[in-house]
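The block underneath contains the structure these notes are about, expressed in structure tokens.
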Amino acid sequence: MWRQGPPWWNRRGETGETGGLGRLPWLTTLAITVFVQIGSKYAAEGQLDRQSLDVYARLLLLAGTASLLLRHRHPVPVAYFTAGTALVYLGAGYAYGPVLITVAVGCFAAVVSGHRRAAWGAVGMLWAGHLLVAHWLYRWLPPDGDNARTWGEETVVAVWVVAIIAVSELARVRREQWMKERAERARAAERRADEERLRMARELHDVLAHSISVINVQAGVGLALLDSDPEQARTALTTIKTASKEALGEVRQVLDTLRTPGDAPRAPAPGLDRLPELVEQAAATGLTVDVDTEGTARKPAPGVDLAAFRIIQEALTNVVRHSGSRHARVLVRYEAAALTLRVDDDGPATGADAGGSGNGLAGMRERAAALNGTIEAGARPDGGFRVTAVLPTRTAPQEDQ
């Protein structure tokens, strides 16, 4: 509770609105009522110069504490009502004592709910009324033969008033800190949810874009050769079946992660160890891919490994879709603190609409940026196209994602 505050504090806005506040504070109000009633009895026995408690005094005490039931819903009226009943109680000549606790609780509720002026006004009214009673009206008010209060006693009352306001202000500041921290936690949770949705969208895009591109090309081959070369058409249909099965498996894995985000994935995420599969799938579409490796090969962190695989996959998919070249080159360079990927094709660009979403390069950049990496993509001087990715392997704060 010290870190997040009492539940009823967090359910109210700064203006004291309840926003559907539930049950009334029965237990605390009952405890305060019992304490005030019993404590006032002992206070009266110790102040023989004051009026003894009677039914009227008991009713005044009960009215003040009963109003505290509404202190969270209607803090302003409660603050003034408790101050008013306390003033009438003291003005009637009854003993000083726990009656002032009722005022403290009422003003405390007003301050922490954002009604600072109301709390100041209530205690100011009580103090001013007490000055009036204690130094002027005492002649006509009980008890008989009462004298004016000393200014030393007024100092005690003033200290009590300042203490109420000070404690209430400290509680208000702490409540505002709780509300701010709560809002920050909510915003952080929303950011994490947005990042997770973006990650899933990238994953689905990369899986579907690559597989559907392979299926599209093979379907065209199968239709073209269905009559003239049935065996080749059969091969194309087999490739379509394999690609669609793999795509369904990966999509199912992503959707399972969405349904049960806390569970471990049933299948390992793809990485550079599946690069030969990409080469085979590209070959099925008529694209020849040469893969070169520089440096000492080592297993990257899971996030870097997945991002590297998806970037190469998307780059090869774009070659199939948008390039007239049937040849591509992939370079994987292992460096001390980074993994560099480069995918080249000889072009030229076909300029035809291949049915893509247009989010391929944007998705690659988002993957690289999530790992503090970079992506460069553009036409080469000789007419081809090149995609270069640099993924840090040491300082990647989000690579667990």
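The values are calculated or read from the model by the stated rules, or taken from the named source; none is laboratory data. Treat the numbers as computed from the prediction; the structure is a model and nothing was measured. Cβ coordinates were reconstructed from backbone atoms using ideal geometry, including for glycine residues, and neighbour counts include every protein chain displayed. SASA here: full protein model, heavy atoms, side chains in, ligands and nucleic acids out. Shrake-Rupley method; radii C 1.70, N 1.55, O 1.52, S 1.80 Å.
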Yes or no: P261 at pLDDT 70 or above, in a loop (DSSP other than H, G, I, E, B) and not basic (K, R)?
no
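Quick check: anything in the stretch 349-362 crowded, with 18+ Cβ neighbours inside 10 Å and at pLDDT 85 or above?
Within the stretch 349-362 (the criterion being crowded, with 18+ Cβ neighbours inside 10 Å and at pLDDT 85 or above), the answer is no, since none of the residues qualifies.
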Filter the stretch 166-193 for residues that are in contact (Cβ under 8 Å) with a residue 40 or more places away in the chain and either open to solvent by 100 Å² or more (accessible area, probe 1.4 Å) or polar (S, T, N, Q) (or both); the one that is farthest from C107 (Cα to Cα) is R182
Do we find that H327 is over 23 Å from V304 (Cα atoms), modelled with pLDDT of 85 or more and open to solvent by 20 Å² or more (accessible area, probe 1.4 Å) in this structure?
yes
Residue pairs within 6 Å by beta carbon, gap of at least six or interchain, first lying in the stretch 23-38 and under 16 Å from A109 (Cα atoms), second buried (at least 18 other Cβ atoms within 10 Å of the Cβ), listed first then second, are T29/L68; I32/T65
Hits in the stretch 211-238 - residues which are open to solvent by 60 Å² or more (accessible area, probe 1.4 Å) and assigned to a helix (DSSP H, G or I):
I212, N216, L223, A224, P230, E231, Q232, R234, T235, L237, T238
Within the stretch 94-106, take every residue that is out of contact with any Ser or Thr (no Cβ under 6 Å at 6 or more places or on another chain) and farther than 23 Å from L48 by Cβ and give me the one that is surrounded by the most Cβ atoms within 10 Å (Cβ to Cβ).
V105
Quick one: F81 ticks every box in (1) among the aromatic types (F, W, Y); (2) touching a residue at least 60 places away in the same chain (Cβ under 8 Å); (3) closer than 20 Å to A119 by Cα bar one, so which box is it?
(2)
Say we look at the stretch 34-71 and pick out the residues that are aliphatic (A, V, I, L, M) and not in a helix (DSSP H, G or I); which of these is surrounded by the fewest Cβ atoms within 10 Å (Cβ to Cβ)?
L48
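Would you say A297 is modelled with pLDDT of 80 or more, surrounded by 15 or more Cβ atoms within 10 Å (Cβ to Cβ) and either within 45 Å of the chain's Cα centre (by Cα) or not in a strand (DSSP E or B) (or both)?
For A297, the condition - modelled with pLDDT of 80 or more, surrounded by 15 or more Cβ atoms within 10 Å (Cβ to Cβ) and either within 45 Å of the chain's Cα centre (by Cα) or not in a strand (DSSP E or B) (or both) - is not met.
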For residues in the stretch 114-137 being of a type in the set (G, A, S) and at pLDDT 85 or above, which is surrounded by the fewest Cβ atoms within 10 Å (Cβ to Cβ)?
A128
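Residue by residue, here is whether (1) aliphatic (A, V, I, L, M); (2) part of a helix (DSSP H, G or I); (3) open to solvent by 10 Å² or more (accessible area, probe 1.4 Å); (4) without any contact (Cβ under 8 Å) to a residue 40 or more places away in the chain holds:
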{"site": "R73", "(1), (2), (3), (4)": "no, no, yes, no"}
{"site": "V76", "(1), (2), (3), (4)": "yes, yes, yes, no"}
{"site": "T85", "(1), (2), (3), (4)": "no, yes, yes, yes"}
{"site": "Y89", "(1), (2), (3), (4)": "no, yes, no, yes"}
From the list T395, T340, pick out the single residue that is surrounded by fewer than 19 Cβ atoms within 10 Å (Cβ to Cβ) and modelled with pLDDT of 85 or more.
T340
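Please tell me if G303 is under 26 Å from R197 (Cβ atoms), at pLDDT 80 or above and open to solvent by 10 Å² or more (accessible area, probe 1.4 Å).
When the stated conditions are applied, G303 passes them.
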